[in-house]
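The values are calculated or read from the model by the stated rules, or taken from the named source; none is laboratory data. If you're wondering where the values come from, they're calculated on a predicted model, not measured in any experiment. Cβ atoms come from the backbone with ideal geometry, glycine included; neighbour counts cover every protein chain shown. Side chains are part of the model used for accessible areas, which takes the heavy atoms of the whole protein and leaves out ligands, DNA and RNA. Shrake-Rupley method; radii C 1.70, N 1.55, O 1.52, S 1.80 Å.
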Amino acid sequence: MKRMLLLMCLGVLLVPCVRAQGDHIEAGVFADYFRMSQTDNNYLGIGARAGWKVFPHIKLEGEMAYDFDQGFGELTTGTGGNIVVQNANIHILHGLFGPKVELGHGRVRPFVVVKGGFDKFFVNSCPT
């Protein structure tokens, strides 16, 4: 957790040094927050986004985020009627891809995005 906080602080400090990537390619890094109501857990992670200009006002964008593990106790009943509490570690991988249509030319640039993708849940006891 300390490493992720340090990485995010360094990113915030370096943002003013970064210039625009140009008209054809855009790239960025973001923090991800995911709430899973079934287990009442909050997941934090990091992700990256990239966009490629295909036509003057149309871009193809893709993004992927990884949420670090969040352990929680899971109650199960064994075959003999005994209750077992074990730690369930879940990692989540999100991926989205789709077109982005930019509608404006001036200072205000409204846009429309349609993305589809996946959420992959990993349940294991291995470290992140």
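Looking across the stretch 59-80, the residues that are at pLDDT 90 or above and of a type in the set (A, V, I, L, M) come down to L60, M64, A65. Answer yes or no as to whether G47 is under 30 Å from K2 (Cβ atoms), modelled with pLDDT of 90 or more, part of a strand (DSSP E or B) and not polar (S, T, N, Q). So G47 passes the test. For the stretch 28-41, the set of residues classified as of a type outside the set (V, I, T) and over 13 Å from the mean Cα position of the chain (by Cα) consists of M36, S37, Q38, D40, N41, listed by residue number.
Can you find a residue that is part of a loop (DSSP other than H, G, I, E, B), modelled with pLDDT of 70 or more and farther than 25 Å from K59 by Cα anywhere in the stretch 14-26? No: the stretch 14-26 contains no residue that is part of a loop (DSSP other than H, G, I, E, B), modelled with pLDDT of 70 or more and farther than 25 Å from K59 by Cα. Scan the stretch 84-100 for residues that are at pLDDT below 70 and open to solvent by 90 Å² or more (accessible area, probe 1.4 Å) and jot them down. Result: V85, Q86, N87.
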